1. Taking 7 Å along the Cα-to-C-beta vector as the label spot, tell me the E38-R101 distance in nanometres, rounded to one decimal.
2. I want the local charge near L158. Using Cβ-Cβ distances under 15 Å, sum +1 for each Lys or Arg and -1 for each Asp or Glu among the other residues.
3. Kindly report the accessible area of the range 150-223 per residue (heavy atoms of protein chains, probe 1.4 Å, no ligands, DNA or RNA), in Å².
4. Roughly speaking, to the nearest percent, how much of the range 22-110's 1.4 Å accessible area is carbon and sulfur?
5. Across the Cα atoms of the range 129-172, what radius of gyration and what greatest pairwise Cα-Cα distance (Dmax) are found, in Å?
6. Take peptides 173-186, 200-213 and line them up by average Cβ neighbours within 10 Å, highest first, as a rough protection proxy.
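The values are calculated or read from the model by the stated rules, or taken from the named source; none is laboratory data. It should be emphasised that the depicted structure is a prediction, and the values quoted were computed from it without experimental measurement. In this analysis, Cβ positions are derived from the backbone assuming ideal geometry, glycine residues included, and neighbour counts consider all displayed protein chains. Heavy atoms of the whole protein, side chains included, go into the accessibility calculation; ligands, DNA and RNA do not. Shrake-Rupley method; radii C 1.70, N 1.55, O 1.52, S 1.80 Å.
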Amino acid sequence: MKFAIPKSLTGPALAGLALSVTPIVFTSLLTYYAVVHEATIASFTAWQWAIITVVCSITSAGLTPPTMLALIFGYFLGWNAVLPLFVINFGGILFINLLVRWLDHDRFLAFLSRNPKAQSVLDRILNNELEVIFFAKLSPILPFGLTNLLFALSGAKLKNIILGGFLGMTPRTLIAIWSGHEAREIKALLENPNQSSWTQIVIIGLIVVSIAGLWQVIQRSLK
């Protein structure tokens, strides 16, 4: 008896599932390692941090959430973490774009072409792709890897993904670095990253602005 794989489980669908689940697992592992080996990490040299940055720029595409990395880098490096974090963010964006275009991009577009309504909505949204990318990246709750995958599959221009990603990710990245820099204990930081009340207010504000912005863009595109 042969086991048939459902047609709905395409490459993009499986990748989307993986990019939603694996960051949760790796966040737990990363938290455990940072807490247990805090003294060792604190003694890393500049070259070691450079190597970690390169590795994380690849793994951030779907394994290690950049916001979690920003907290850890901020804790150990302070504001010197700004440059490595932007390298990691852009490295993740470029890696997932190259991977998508190499694997299953054409199949996804062919699937959409069989659904005129979905294709029509996507076309209208892509007319405002820079705004959509900006508001999506502004939200601290949308998975980094999953949004990169969706934008790459949709056919959005790489320059808009990078520009929108830069503008959207900058506020939440700086907040995470600041939270890490101000924390006194790595364990307390990772267990409750938004300890201060003003940080919680800013995070909530980013989520509200992100949702409101995406809603306006989508509603405008459907008129």
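1. Once both label points are built, they end up 4.4 nm from each other.
2. That sum, taken over residues with Cβ under 15 Å, equals +3.
3. Counting only protein heavy atoms, the per-residue value for the range 150-223 is 56 Å².
4. Carbon and sulfur: 76 percent of the exposed surface of the range 22-110.
5. Gyration radius and largest Cα-Cα distance of the range 129-172: 9.1, 26 Å.
6. 173-186, 200-213
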